[in-house]
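Below is one structure, written out as structure tokens; the observations come after it.
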Amino acid sequence: MRFRQVGMSMGVGLFLLFLIGCESIDCTLNNVVTCNYAFYSADGQQVKVLDTLTVTTEGSDYILYNRGTNVATLSMPMSYWQEADTLNFSFYNAEAQATQNVVIRVKKSNTPHFESPDCPTTMFHELLSIDFDSPTQCVDSVVISNAAVNYESQENIKIYLHTATE
């Protein structure tokens with residue numbers, strides 16, 4: 001009578017050693033840092049922009065947000081190392097066949113954020129000041145509501161519109 005010894009094969013043993021040797025890496029799954037914008041009427045009520053909205057960066061053809069409608073909030077990435085970001089907001093009203101452009105400049109500080117040597121570096125920002133040009137006067141004012149731009153999805157910038165449509 002032949003017997004077979006019960007035990008682990010060499011492959012199973014190596015696999016178990018591999019699992020025991022691994023450590024858990026706790027990197028943040030959502031490591032995208034965005035600046036959050038919200039639209040308000042001049043009297044302070046949050047509104048939706050019914051015009052078609054496109055947001056581009058100043059001095060390039062890079063489109064951050066393209067042809068959105070019914071927009072109440074936006075989440076925009078920020079540059080990693082520049083001291084200021086300049087964004088062009090273009091509001092197109094199909095009924096009036098008119099475009100209103102607003103240029104918003106955000107000055108900020110940039111701070112690298114390290115979770116672990118095994119995780120990618122992200123950049124946190126502190127909003128320092130904001131100004132805007134609204135040649136067609138569609139924007140009343142732009143203010144910083146929360147200066148810390150990090151993983152938290154909090155509103156950072158309020159854009160007050162003269163002609164809110166909802």
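The values are calculated or read from the model by the stated rules, or taken from the named source; none is laboratory data. Just so it is clear, the model here is predicted, and its values are computed rather than measured. Neighbour counts run over all protein chains shown; Cβ positions are idealised from the backbone, glycine included.
All conditions in (1) modelled with pLDDT under 90; (2) surrounded by fewer than 16 Cβ atoms within 10 Å (Cβ to Cβ); (3) in contact with a Phe, Trp or Tyr (Cβ under 9 Å, 6 or more places away or on another chain) hold for Val33, with the sole exception of (2). Taken together, Ser41, Ser134, Ser109 contain a single residue that is over 12 Å from Ile159 (Cβ atoms) and out of contact with any helix residue (DSSP H, G or I) (no Cβ under 6 Å at 6 or more places or on another chain), which is Ser109. Of all residues in the range 36-55, those satisfying the criterion of being buried (at least 16 other Cβ atoms within 10 Å of the Cβ) and over 14 Å from the mean Cα position of the chain (by Cα) are Phe39, Tyr40, Ser41, Val47, Val49, Leu50, Asp51, Thr52, Leu53, Thr54.
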